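Here's the structure, in structure tokens; my notes come after.
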Amino acid sequence: MMRTIQIGLVAGLVGLPSLAFAQVINPNPTLIQFGTLQAVGSSSSVSSYRGQFVDRGRNSGVRDKPRGPGLEPVNVRLGAFTLRPTIDYDSFQTDNAKRANTNGQSDMGYVIRPRMTLSSNWSRHAIELGAGVAGTVYQDFSTEDSTDVELQASGRLDIRRGANLQTAYRYYEGTESRSTAGLPVNVAEPGQFESSALTVGGVWELTRTRLSANVDVSDVSYDPVPLTDGTILEQVDRNSEGAALTLRTDFALTPSTAIFATATHGTRNYQERTGGLFPSRDSDQTQAMVGVNFDLSNLARGEVAVGYLEQKFDAGLYDDSEAFGYRAAVEWFPTTLVTVGLVATRNITDSPVQGSGSAITTGLGGQVDWDVRSNLVLSARAQREIFEYDNVLRRDERTTLTASGALLLTQWLSVVFNVTNEKLETNNVAGLNFDETRYGVRLSLRR
């Protein structure tokens, strides 16, 4: 779900991962990258290691390399702006369409996903706008059909070399997965939710030091969902609003290595319950981390941080949480044709399970990309997440394995083949246990 503390972590840990001496710093250091807020909502942010690294010009991953003559996209120039339209068509087959505990039913369907991004190409300042829709249709189980909408905007105001103000906004209206921990197993169809997040911040660079600050506000609301027994499950107790302040300082030891410290304090307030056994989970969250980021030529690049996590609840029913936290994202380059990515995380998140205030989430993920040819990339990814809930005897373990191949046919058209197995196991009788394998083919048109 939307987590203010995670927004601060993403903007603080992801948005500012590289710092070098002044003569090699980008004159417009990035605090907020367009698309950064998409990471919010992932319990441990282990789902992807992409986007963690600001380029020092020392290494290039397989997915960052130019694809060669005739394969690079030709974007649409609109005066001082560049338009990047894409449309994806996904066809898929699943052996457990409803993610049932037992007797999974197979189905097939398709997803149509148009998206447009408009960005400025000015020498100073920057604006980027984006909008996308994803429509999913199942052949047999129309209850699983969904339409998701996303709007994004970001901007940067350059004050001088190495100093700027930035902002980013994201609105998302989508469909919850049946495997969401807070939902009962007898949900008749997936529920809808709306979320929005706004970040405003600034960066100031000195000779070897970078200072940054950002404020994040967010809110999320959930629609009622029907159950198989004909009743309606109200979810007003999950609706929440939050705010957080993040401060960070980086110090460059060498042109390829920097150390940093970051601190975040946030609050999250839930809508008051009108009935029921459990009070609202209003809380304060504090996070303090120190770490190092690096970009070592022909070897590796990444960022590693460790620190202290704390969450305190207003209601005495919920136990306050303190934990050791970490966040590591590293890319290793064994050859120029292979990139190995690793992510490890440990964080405190709000618990969606009734009676539980928070959960300790631990994640580990890895991905290998192989540049077979200039127009063909093969990838394999594995990730595992563990959720340990306070106040209740529950532990969830989620494992996802994916293999894919991306083939660029022309500068306009690509095709992606993929197979994914996802498994969720819980030790609680009220929780969902499922195993799903999904095969897919995606055709992507782009400019």
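The values are calculated or read from the model by the stated rules, or taken from the named source; none is laboratory data. Computed from a prediction, not measured in an experiment: that's the story for all the values here. Positions of Cβ are backbone-derived with ideal geometry, glycine not excepted, and every protein chain shown enters the neighbour counts. Heavy atoms of the whole protein, side chains included, go into the accessibility calculation; ligands, DNA and RNA do not. Shrake-Rupley method; radii C 1.70, N 1.55, O 1.52, S 1.80 Å.
Name the one entry in Arg170, Arg178 that is open to solvent by less than 50 Å² (accessible area, probe 1.4 Å) and modelled with pLDDT under 90. Before you say what the answer is, go through the steps one by one.
Values: Arg170 fails: modelled with pLDDT under 90.
After applying the criteria, what remains is Arg178.
Only one of these is in contact (Cβ under 8 Å) with a residue 60 or more places away in the chain, out of contact with any helix residue (DSSP H, G or I) (no Cβ under 8 Å at 6 or more places or on another chain) and under 30 Å from Leu183 (Cα atoms): Thr420, Thr361, Thr399. Name it. I'd like the intermediate steps shown before the answer.
Working: Thr420 fails: in contact (Cβ under 8 Å) with a residue 60 or more places away in the chain; Thr399 fails: in contact (Cβ under 8 Å) with a residue 60 or more places away in the chain.
None of the other options fit; the residue is Thr361.
Specify the residue that is farthest from Leu408 (Cα to Cα); the eligible residues are those in the stretch 98-123 that are more than 24 Å from the chain's Cα centre (by Cα) and among the aliphatic types (A, V, I, L, M).
Ala100
Return yes when Arg161 is open to solvent by 50 Å² or more (accessible area, probe 1.4 Å) and either in contact with an Asp or Glu (Cβ under 6 Å, 6 or more places away or on another chain) or of a type in the set (D, E, K, R) (or both) and no when it is not.
In short, yes.
Which one of Val236, Val292 is under 22 Å from the mean Cα position of the chain (by Cα) and open to solvent by 20 Å² or more (accessible area, probe 1.4 Å)? Can you show your working first?
On the way: Val236 fails: under 22 Å from the mean Cα position of the chain (by Cα).
Among Val236, Val292, only Val292 is under 22 Å from the mean Cα position of the chain (by Cα) and open to solvent by 20 Å² or more (accessible area, probe 1.4 Å).
Residue by residue through the stretch 130-149, note down the ones that are surrounded by fewer than 17 Cβ atoms within 10 Å (Cβ to Cβ) and assigned to a strand (DSSP E or B).
Ala131, Val133, Gly135, Val137, Thr147, Asp148, Val149
Just checking, does the stretch 58-71 include any residue being open to solvent by less than 40 Å² (accessible area, probe 1.4 Å) and at pLDDT 80 or above? Steps first, please.
In the first step, residues of the stretch 58-71 are kept if they are open to solvent by less than 40 Å² (accessible area, probe 1.4 Å); the result is 59, 61-62, 67-68, 71.
Now narrow it down to the ones that are at pLDDT 80 or above: 61-62.
Yes.
Report the residue count in the stretch 425-447 for those that are open to solvent by 40 Å² or more (accessible area, probe 1.4 Å), among the aliphatic types (A, V, I, L, M) and part of a loop (DSSP other than H, G, I, E, B).
Looking only at that region, the number is 2.
Condition first: touching a residue at least 12 places away in the same chain (Cβ under 8 Å) and among the β-branched types (Val, Ile, Thr). Now tell me which residues in the stretch 141-167 satisfy that.
If the condition is that a residue be touching a residue at least 12 places away in the same chain (Cβ under 8 Å) and among the β-branched types (Val, Ile, Thr), then Thr143, Thr147, Val149, Thr167 are the ones that fit.
So that you can scan it fast, the table gives a plain yes or no per residue for (1) assigned to a strand (DSSP E or B); (2) β-branched (Val, Ile, Thr); (3) within 28 Å of Gly302 (Cα to Cα):
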position: Val353; (1), (2), (3): no, yes, no
position: Ser356; (1), (2), (3): no, no, no
position: Val368; (1), (2), (3): yes, yes, yes
position: Arg381; (1), (2), (3): yes, no, yes
position: Val392; (1), (2), (3): no, yes, no
position: Ala406; (1), (2), (3): yes, no, yes
position: Lys423; (1), (2), (3): yes, no, no
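Mind checking whether some residue in the stretch 200-207 is in contact with a Ser or Thr (Cβ under 8 Å, 6 or more places away or on another chain) and either outside any strand (DSSP E or B) or open to solvent by 40 Å² or more (accessible area, probe 1.4 Å) (or both)? Please lay out each step first, then the result.
Start the filter on the stretch 200-207 by keeping residues that are in contact with a Ser or Thr (Cβ under 8 Å, 6 or more places away or on another chain), which leaves 200-204.
Going one step further and asking which of them are either outside any strand (DSSP E or B) or open to solvent by 40 Å² or more (accessible area, probe 1.4 Å) (or both), we end up with 200, 204.
The answer is yes, given that some residue of the stretch 200-207 is in contact with a Ser or Thr (Cβ under 8 Å, 6 or more places away or on another chain) and either outside any strand (DSSP E or B) or open to solvent by 40 Å² or more (accessible area, probe 1.4 Å) (or both).
Determine which member of the set Phe294, Phe333, Phe313, Phe324 is in contact (Cβ under 8 Å) with a residue 60 or more places away in the chain and not charged (D, E, K, R). Full working, then the answer.
Details: Phe294 fails: in contact (Cβ under 8 Å) with a residue 60 or more places away in the chain; Phe313 fails: in contact (Cβ under 8 Å) with a residue 60 or more places away in the chain; Phe324 fails: in contact (Cβ under 8 Å) with a residue 60 or more places away in the chain.
Step by step, each of Phe294, Phe333, Phe313, Phe324 is checked, and only Phe333 is in contact (Cβ under 8 Å) with a residue 60 or more places away in the chain and not charged (D, E, K, R).
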